[in-house]
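Take a look at the structure below.
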Amino acid sequence: MKRIIIITAVILIAVSFPVISQTESQAKIRWYTIQEVEKLSKTAPRKVMIDVYTDWCVWCKRMDEMTFSHPVIVAYINRHYYPVKLNAESKENITFRGQVFKYVANGTGGYNELAAGLLNGRLSFPSIVYLNEKLELLGTVPGYRSPEDMEPLLNYIAEDKFISQSLEEYEKAFTSKIVN
């Protein structure tokens, strides 16, 4: 009898927790190169979100682990943006909007001209750069963003709310889909 009660209790506990499908729990952001985004934007324009990072940046890795793997953030970015990962220290030439951006050696390290241009020379990592559908710079947001901080910002930009209201006003009325 005890065994039946314990088994029943375990089953009831197990079914009371939400089930996450394997595809949801393994959902990932579909990252593009800047060249792919340039081609895609010609036929299916979308806003662009560029994650400017470096390999040595601890907060960049933390953002990948916490923010860019959160299911709500992943789903929103994949639906509304062309996301790009840009290594600010990439030594490869990057062609964007007809211009070639090169690596610039600087002491023991260096940076890619595209990263420096997008960040207005302020090489701070991580930084998120937003472009409009015409691939024009909307703005740059430096620093680590948790999923809770990132969600309203992504919505604010994707929905063009920056045209009519401040981020602070928008955040006051924003309803998050992130469950804590």
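Phi-derived couplings, Karplus 6.51 cos²θ - 1.76 cosθ + 1.60 at θ = phi - 60°, listed residue by residue for the range 137-153: 5, 9, x, 10, 10, x, x, 5, 10, 6, x, 5, 7, 6, 4, x, 5 Hz, with x used for Gly and Pro. Angle of helix 2-16 to the longest C-alpha principal axis of the chain, folded into 0 to 90 degrees and rounded to 10: 30°.
Beta-bridge orientation, the chain: approximately 70 percent antiparallel, per DSSP, counting only bridges with both partners inside. The residue among HIS80, THR95, ALA105 whose Cα reaches farthest toward the positive pole of the charge dipole of the range 71-116, with charges on the beta-carbon of Lys, Arg, Asp and Glu, is HIS80. Helical content alone sets the calculated 222 nm signal of the chain at -11500 deg cm²/dmol, taking -39,500 (n - 2.57) per DSSP H segment of four or more residues and averaging over every residue. Only Cα pairs under 8 Å and at least 6 apart count here; give the relative contact order of the range 45-180 as a rounded whole percent. Computed over the range 45-180, the figure is 29 percent. Of the trypsin sites (Lys or Arg not before Pro) found in the range 133-180, those that fall in a DSSP loop while having at most 14 other beta-carbon atoms within 10 Å are LYS134, LYS177.
With the convex hull constructed from alpha-carbon coordinates only, the range 22-173 shows a mean projected area of 9.7 nm² over all directions.
Could you give the distance between the Cα centres of the range 35-55 and the range 124-180, to the whole Å? Between the Cα centres of the range 35-55 and the range 124-180 lies a distance of 16 Å. Each Lys and Arg Cβ is given +1 and each Asp and Glu Cβ -1; about its Cα centre, the chain then shows a dipole of about 500 debye. Rounded to the nearest 10 degrees, the inclination of helix 34-43 to the longest alpha-carbon principal axis of the chain is 80 degrees.
Values in this text are rule-based calculations from the coordinates and carry no lab data. These numbers were taken from a predicted model, which means no experiment stands behind them. Counting neighbours? That spans all protein chains shown, and the Cβs are built from the backbone with ideal geometry, glycine included.
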